[in-house]
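Before any comments, here is the structure.
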Amino acid sequence: MKFMLIWRATDEAFANLGDVDFDKMLEIVGRYNDEMIRAGVLLAAEGLSDPSEGVVVDYSSEPPVVTDGPYGETKELFNGFYIINVASREEAIEWAKRAPLTGPGFKTEIRRVPTIDEFPQDNEWIKKERAWREANGQL
């Protein structure tokens with residue numbers, strides 16, 4: 001089963017990371033990544049740029065409204081993610097518990113990533129997506 005581990009941090013927790021030497025942080029996260037690679041569970045891992053570089057497209061009106069960052073509600077933002085392939089939700093939780101950036105204000109949300117097989121296979125759009133995934137080595 002695939003799960004997404006979503007890193008979240010409060011503004012204060014994120015600001016405290018500025019006190020950590022960047023090379024030390026890379027080493028800490030690198031060791032965690034290496035552990036996941038050696039265990040064969042890591043599929044993807046990405047950090048995200050500062051929210052001030054992002055935009056939000058809000059569909060509450062027509063046409064949609066585009067707003068540049070930074071945002072007032074940073075509690076809704078996440079800073080990076082992992083996609084892992086493990087046997088169970090419990091195993092995903094165990095990997096999240098081992099995350100290197102922890103402490104007050106840090107959280108990891110865990111969400112299962114459904115497979116294409118869970119959607120109606122006779123749907124024309126699912127058929128097109130399946131063909132695309134097969135052509136790109138994703139199935």
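The values are calculated or read from the model by the stated rules, or taken from the named source; none is laboratory data. What you see is a predicted model; the values in this text were computed from it and never measured. Cβ placement follows ideal geometry from the backbone for every residue including glycine, while neighbour counts extend to all protein chains displayed. Only protein heavy atoms, including side chains, enter the accessible area calculation; ligands, DNA and RNA are left aside. Shrake-Rupley method; radii C 1.70, N 1.55, O 1.52, S 1.80 Å.
What's the center-to-center distance, using Cα atoms, between the range 1-73 and the range 95-139 in Å?
17 Å
With +1 on each Lys and Arg Cβ and -1 on each Asp and Glu Cβ, how big is the dipole of the chain about its Cα centre, in debye rounded to the nearest 20? Can you show the working numbers first?
On the way: 16 positive and 26 negative charges, 125 e Å.
Dipole of the chain, to the nearest 20 debye: 600 debye.
Could you order 86, 113 by accessible surface area, starting with the largest, using a probe radius of 1.4 Å?
Details: 86 10, 113 45 Å².
Greatest to least solvent exposure: 113, 86.
On average, how much area does the Cα convex hull of the chain cover when viewed from any direction, in nm²?
On the way: hull surface 45.3 nm².
Over all viewing directions, the chain projects a mean Cα-hull area of 11.3 nm².
What does the charge count around residue 80 come to, taking other residues whose C-beta lies under 11 Å from its C-beta (Lys +1, Arg +1, Asp -1, Glu -1)?
Values: positive: 8; negative: 46.
Net charge in that neighbourhood comes out at 0.
Residue by residue through the range 92-106, what is 3J(HN,Hα) from phi via Karplus (6.51 cos²θ - 1.76 cosθ + 1.60, θ = phi - 60°)? Round to whole Hz and write x for glycine and proline.
Per residue, the Karplus-derived 3J(HN,Hα) values read 4, 4, 4, 5, 5, 5, 8, 3, x, 9, 10, x, x, x, 9 Hz.
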